[in-house]
Amino acid sequence: MASNKPSVFIDGEAGTTGLGIRARLGALSSVELKSLPEAHRKDRAARRDMIAEVDLVVLCLPDEAAKESAALAAELGPDAPKLLDASTAHRVAPDWEYGFPEMAAGQDRRIARSVRVANPGCYPTGAIGLIRPLVDGGLIPADYPVTINAVSGYSGGGKSMIAVHDSEGGPAFELYALGLEHKHVPEIEKYCGLSRRPIFVPSVGHFRQGMLVSVPLHLDTLPGKPAGADLRAVLAEHYAGCEYVAVVDPAANGKLDPQALNGTNTLELSVYASGTHRQAVLVARLDNLGKGASGAAVQNLQLMLGLD
């Protein structure tokens with residue numbers, strides 16, 4: 001008997017994000033997961049046939065390969081499946097919806113109506129989660145000189161970085177992308193609502209997964225010279241009722257463990273502020289493989305397929 005469940009194909013299921021999505025979908029009874037034999041996963045004809053067979057394709061591929069798969073789907077015309085791209089290839093493309101449901105009012109409905117959705121990057125999820133509501137609320141001007149610092153577990157660096165850390169130990173900590181050309185910056189700038197390119201300083205630590213994203217602010221340089229409580233109030237109002245995004249109180253000891261949300265699809269936002277010094281640090285904490293990748297993809301997939 002044919003299944004009435006929507007069918008999903010993960011194109012690139014052997015990578016870190018693909019494996020994470022597969023594991024999460026395996027826990028759902030509401031979708032039918034389809035797969036190609038390993039020997040056929042790079043066979044163009046086999047992939048095209050599978051794409052034609054399913055309701056939704058998740059692209060967990062390098063950018064150029066993701067574009068090729070999207071082109072294969074486009075060849076099917078009105079019979080093409082819905083596409084959810086976990087690569088960087090289409091995140092700022094005008095004909096793709098951005099897959100951050102909590103980003104703005106109605107974004108979840110736009111994702112649900114879309115046939116092409118770009119899953120957000122892990123760093124942008126934290127940065128946009130912090131900055132976008134404050135730009136929309138007028139507390140941060142669009143042309144404000146924003147600096148974003150972040151640290152991620154090494155699983156976000158792909159197979160080569162994972163291999164170094166798993167087999168050789170890897171460095172305890174390192175800054176990278178100091179040429180200021182990290183591929184996530186256009187995505188951050190666009191969806192934060194910024195008109196000035198932000199400075200983004202990413203880093204990686206010797207832990208497998210988990211992430212902190214932080215944005216320092218001089219409060220007296222902002223319109224109306226807000227207090228930290230004002231920033232928190234805007235964030236809390238924006239995310240009120242959200243299942244996966246929470247605005248939380250600052251940790252009493254002023255410390256945050258980047259690994260505390262591993263295995264979840266939760267994004268925690270907090271505001272650390274000094275009234276004495278008129279300074280604040282906005283902080284986002286998430287699992288770079290959860291809300292930063294596979295968890296977000298499954299959340300978007302459920303919206304696109306009309307699933308609970």
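Each value in this text was obtained by applying a stated rule to the coordinates, not by laboratory testing. Fair warning: this is a prediction, and the values are worked out from it, not measured in the lab. When we count neighbours, we look across all protein chains shown, and the Cβ atoms used for this are built from the backbone with ideal geometry, even at glycine.
Expressed as a whole number of Å, what is the distance separating the alpha-carbon centroids of segment 57-103 and segment 283-308?
First find each Cα centre; the distance between them is then 16 Å.
Which is farthest toward the positive dipole end of the chain among 118, 149, 98, measuring Cα position about the Cα centre, with Cβ charges +1 (Lys, Arg) and -1 (Asp, Glu)?
Comparing the listed Cα positions along the dipole, 149 ranks first.
Treating the angle as unsigned and between 0 and 90°, give the value, to the nearest 10°, between the Cα long axis of helix 228-238 and the longest Cα principal axis of the chain.
Its long axis makes an angle of about 30 degrees.
Treating only the Cβ atoms of Lys and Arg (+1) and Asp and Glu (-1) as charged, compute the dipole magnitude of the chain about its Cα centre; round to the nearest 20 debye. Walk me through the numbers on the way to the answer.
Details: 29 positive and 35 negative charges, 44 e Å.
For the chain, the charge dipole is close to 200 debye.
Note down the net charge around residue 238, summing +1 for each Lys or Arg and -1 for each Asp or Glu among other residues with Cβ under 9 Å from its Cβ.
-2
What full-extension length gain, to one decimal in nm, is calculated for residue 75 and residue 43 as 0.36 nm per residue of separation minus the Cα-Cα distance? Don't jump to the answer; show the numbers that get you there.
Numbers: separation 32, 0.36 × 32 = 11.52 nm, distance 1.64 nm.
In short, 9.9 nm is gained.
Quick check on packing: order 248-257, 30-39 by the mean number of other C-beta atoms within 10 Å, highest mean leading.
On the way: 248-257: 10.6, 30-39: 13.6.
Highest mean packing first, the order is 30-39, 248-257.
How large is the charge dipole for segment 1-78, taken about the Cα centre, if only the Cβ atoms of Lys, Arg (+1) and Asp, Glu (-1) carry charge, to the nearest 20 debye? Mind showing how you got there, number by number?
Working: 10 positive and 12 negative charges, 37 e Å.
So the magnitude is around 180 debye.
Can you tell me how segment 1-42 classifies by the Cα gyration tensor, rounded, prolate or oblate, using a/c under 1.5 as the rounded cut? Walk me through the numbers before you get to the answer.
Details: a/c = 3.08, a/b = 1.36, b/c = 2.26.
Taking the square roots of the gyration eigenvalues as a ≥ b ≥ c, segment 1-42 is oblate.
For the chain, max minus min Cα coordinate along each principal axis, in Å, sorted largest first?
Answer, in whole Å and largest first: 67, 46, 34 Å.
Using DSSP to define loop residues, name the trypsin sites (Lys or Arg not before Pro) in segment 37-125 whose beta-carbon has at most 11 other beta-carbon atoms within 10 Å.
Within segment 37-125, the qualifying trypsin sites (Lys or Arg not before Pro) (loop, at most 11 other Cβ atoms within 10 Å) are 42.
Take the residue pairs 42/67; 67/183; 5/291; 67/190 and return only those whose Cα atoms are more than 18 Å apart.
On the way: 42/67 14 Å; 67/183 16 Å; 5/291 25 Å; 67/190 21 Å.
Violating the 18 Å Cα-Cα cut-off are 5/291; 67/190.
How would you rank 279-285, 207-213, highest first, on the average number of other Cβ atoms within 10 Å across their residues? Provide the component values of the computation, followed by the final result.
Numbers: 279-285: 22.3, 207-213: 24.0.
Peptide ranking by packing, descending: 207-213, 279-285.
When only Cα pairs under 8 Å and 6 or more residues apart are kept, what is the percent relative contact order across segment 83-154?
Details: 69 pairs, mean separation 21.5, N = 72.
The normalised contact order for segment 83-154 reaches 30 percent.
For the chain, what is the relative contact order in percent, using Cα pairs closer than 8 Å and at least 6 residues apart in sequence? Kindly include the intermediate steps, with their values, before the conclusion.
Numbers: 616 pairs, mean separation 59.0, N = 308.
Contact order relative to length: 19 percent.
Might you report the magnitude of the Cβ-based charge dipole of segment 62-203 about its Cα centre, with Lys and Arg at +1 and Asp and Glu at -1, to the nearest 20 debye?
On the way: 13 positive and 18 negative charges, 80 e Å.
I would put it at about 380 debye.
For segment 150-198, count all C-alpha to C-alpha pairs, find those more than 13 Å apart, and express that count as a whole percent of the total. Mind dumping the intermediate values first?
Working: 778 of 1176 pairs.
Counting every Cα pair in segment 150-198, those more than 13 Å apart make up 66 percent.
Cα axis of helix 16-26 to longest principal axis of the chain: angle in degrees, 0 to 90, nearest 10?
Roughly 70 degrees, rounded to the nearest 10.
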